Amino acid sequence: MGKGGGCVPSKKKVPSTLDDQLVARDAPIPVEEDGAKAETNAAAEAAAPPPAAKLKIFIVFYSMYGHVEGLARRMKKGVDGVDGLEGVLYRVPETLSSEVLDQMKAPPKAEGIPEITAAELATADGLLFGFPTRYGSMAAQMKAFFDTTGQLWNEQKLAGKPAGFFVSTGTQGGGQETTAWTAITQLAHHGMLFVPIGYTFGAGMFKMDSIRGGTPYGAGVFAGDGSRQPTETELALAEHQGKYMASVVKRLSEG
């Protein structure tokens, strides 16, 4: 027996059947199969319908001291809580000069909420307009904005769109109902559908144990001299109105 004889396996030795099985079992999946699987997945993805775009409700408001804005933000929460709906906040342009606003001690406008143009209204699936009262009707800033919608009226771009109102007044007798009521003329001339909340808020509409804004026409807040902030009940009513409007818009979209 030569040196190392019998201890070194022959380089020409054919693997055993068990070796073949182990190699086959441990071998990576062939590239061809990977490609076929990828093609199958791609075909399935291509066949799947794209996700449906969310219906949009524009919450368009004017707020001098922040009371209407507080309702608007809570209203968006209500809209966003309905599947398939999204609330979008917009301001209407200010008409007063900065000098006048300073004299009125109006705080700066919060950042992050863009101003809307009249043409953009046509892209909404539903609209909620919020504004403070001025002698029982909407503030001049909101009226000035509605006055820019003449082209939309001429082309009937807003006809059939559901819309609602929410308001802010200084006192309990300051126009919680008349401010919304007198604003209905704007919707009527455009052929829009006024959507009041009625008494859908339930027991919260009948409580007499605290001061509360809001009417069957829509959510509301009492601002007093400007220092009073919306109560949780007033904010909850605004959230309810957002949710209620979203449900109406959703039903209308389903035909």
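The values are calculated or read from the model by the stated rules, or taken from the named source; none is laboratory data. Quantities reported herein were computed from a predicted structural model and do not represent experimental measurements. Glycine gets a Cβ as well: all are built from the backbone with ideal geometry, and neighbour counts include every protein chain shown. Remember, those area values only see protein heavy atoms, side chains included, never the ligands or the DNA or RNA. Shrake-Rupley method; radii C 1.70, N 1.55, O 1.52, S 1.80 Å.
Residue 102 passes every criterion in (1) modelled with pLDDT of 70 or more; (2) more than 17 Å from the chain's Cα centre (by Cα); (3) open to solvent by less than 70 Å² (accessible area, probe 1.4 Å); (4) of a type outside the set (Lys, Arg) apart from (3). Residues in segment 177-193 that are among the β-branched types (Val, Ile, Thr) and within 18 Å of residue 127 (Cβ to Cβ) were compared, and the one that is least open to solvent (accessible area, probe 1.4 Å) is 179.
Scanning segment 134-176 for residues that are under 26 Å from the mean Cα position of the chain (by Cα), open to solvent by 20 Å² or more (accessible area, probe 1.4 Å) and among the hydroxyl-bearing types (Ser, Thr, Tyr) yields one hit, 148. Any idea which residue in segment 177-216 is farthest from the chain's Cα centre (by Cα), counting only those that are assigned to a loop (DSSP other than H, G, I, E, B) and among the polar types (S, T, N, Q)? Applying the filter and picking the extreme gives 210.
When each of 216, 196, 230 is tested for being touching a Leu at 6+ places or on another chain (Cβ under 8 Å) and open to solvent by 20 Å² or more (accessible area, probe 1.4 Å), the lone residue that passes is 230.
Scanning segment 196-222 for residues that are under 26 Å from residue 65 (Cα atoms) and β-branched (Val, Ile, Thr) yields 197, 211, 215, 221. For residue 207, the criteria (1) charged (D, E, K, R); (2) open to solvent by 60 Å² or more (accessible area, probe 1.4 Å); (3) within 19 Å of residue 133 (Cα to Cα) hold in every case but one, which is (3).
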